[in-house]
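The values are calculated or read from the model by the stated rules, or taken from the named source; none is laboratory data. Since we're looking at a predicted model, the values are computed, not measured. Cβ sites come from the backbone with ideal geometry, for glycine too, and all protein chains shown count toward neighbours. Just the protein is used for accessible areas: all its heavy atoms, side chains included, with ligands, DNA and RNA removed. Shrake-Rupley method; radii C 1.70, N 1.55, O 1.52, S 1.80 Å.
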Amino acid sequence: MSTLNVAITGCGVIGRTHAVALQQFPEVRIVALVDAIPAAAEALADFIEKQGAPRPPQFSTLAEAFAAEDIDLVALATPSGLHIQQGLEVLAAGKHVVIEKPLDVDLTRAQEIEAAAKEAAEKGVVASVISQHRFDQSSVAVADAIAKGRFGRLTSAIASVAWWRSQGYYDSGDWRGTWAMDGGGALMNQGVHTVDLLLWFMGRPVEIHAHTALLAHERIEVEDTAVATVTFENGGLAVLHATTSAYPGLTVRVQLMGSEGSAVVDNDRLQYFHSKDAGGESADMGLQGGGNQADQELAKYPVEDYKAADPTTYPAGHVRQYRDILAAIAGGRQPGVTVSDAVNALAAVRSVYVSATLGQPVLFDDVLAGKYNDLEVRTGSSAAESA
């Protein structure tokens, strides 16, 4: 197997996550670390060396790294506001790129790199955005069941992110809780992965009607609570909920329901699964949560032995997604998560903010097409306040 040379750009906490994930693949060599802060690059180099791998050289810019090293793939683990500029630089150099979520906080900029990624794909260059929960065992089991029609017609879904963030969390940085730098609150930062899963399961949104509020925090611009109803192309309906005001913090839960089956993924675990085609009990009035087939379904999707690693230090989701990305590069195919997927998730979040600002439903395609690009979104409904 040929060696793939990788540069990690952004050497903070998330950069280390990418380093740990990449070191699980014998065919990968980390040959460059890029960070404008030399101490950050030095610290990550120390960490990699202590893991028994060669110490990568450090650079302050991508241009310097490209000039000095033969690089095939760049992992961008920098602040969100730098993703597009750096991603375009990587693609212009003809390198594969992996961008940590979120793709960006601005939909217009995100669509710029989407166009560049599509052009690069025609030349065999792979561009992907981290959405590691698509590769969880439970998510794969549910997505596979949907693809095979095992839930019948998907009728509805409930996606909820019920977390807690203290006032100190928001006060810890001037950029936190601002539209300019954070791009949103509970939904953009804590809920974007769940939005991505909801779209992956239910398909393309048509209309979104939302409300946002700032209820339990002070001195921030963005929402700490958001609720939306979503209509999808398949006719299904969903409720989307995200909050950082659920003390002391509850779970992330996606509940999917269809005419012939249902599933519940709670904190990345398949808590419930039932499909009519699997046999077992049935009743005209329903089983009310009975007939749980989750264990037998998960048995079809064995998980690799990750040596019982602590999930807080071993990023199994990133490892699974990198396995897909490396296979895409080797096989000359598109990855399981494309830049377009990330743009759709970002557009759905933007749709929530646009709807809440206007106090009315909005069409997803209108948001995607840029109809509301000049709208300055806000927390709560200006229409409601002026009524």
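Some values worked out for this structure:
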quantity	calculated
Members of region 221-236 found to be more than 20 Å from P361 (Cα to Cα) and open to solvent by 20 Å² or more (accessible area, probe 1.4 Å), listed by number	E221
Any hit, region 16-27, residues being exposed (fewer than 15 other Cβ atoms within 10 Å of the Cβ) and closer than 22 Å to G87 by Cα	no
In region 146-163, the residues that are open to solvent by 30 Å² or more (accessible area, probe 1.4 Å) and aliphatic (A, V, I, L, M)	I146, A147, I158
Candidates T231, T212, filtered to the one that is free of Cβ contacts under 8 Å to residues at least 40 places away in the same chain and in a strand (DSSP E or B)	T231
Filtered residue count, region 1-15, keeping only those that are open to solvent by less than 30 Å² (accessible area, probe 1.4 Å) and either aromatic (F, W, Y) or over 21 Å from Q132 (Cβ atoms) (or both)	1
Matching residues in region 19-46 - criterion: being assigned to a helix (DSSP H, G or I), under 22 Å from I325 (Cβ atoms) and out of contact with any His (no Cβ under 6 Å at 6 or more places or on another chain)	A19, V20, L22, L44
Tally of residues being modelled with pLDDT under 75 and of a type in the set (S, T, Y) across region 294-332	3
Residue satisfying all of: in region 260-293; acidic (D, E) and at pLDDT 65 or above; most open to solvent (accessible area, probe 1.4 Å) among these	D277
In region 94-129, the residues that are hydroxyl-bearing (S, T, Y) and either part of a helix (DSSP H, G or I) or more than 26 Å from N373 (Cα to Cα) (or both)	T108
Test: residue in region 82-93 that is free of Cβ contacts under 8 Å to residues at least 12 places away in the same chain and part of a loop (DSSP other than H, G, I, E, B)	no
Test set (1) closer than 22 Å to A92 by Cβ; (2) assigned to a loop (DSSP other than H, G, I, E, B); (3) of a type in the set (A, V, I, L, M, F, W, C) - A53 fails condition number	(1)
Whichever residue in region 164-216 is open to solvent by 60 Å² or more (accessible area, probe 1.4 Å) and of a type in the set (G, A, S) and, among such residues, is farthest from the chain's Cα centre (by Cα)	S172
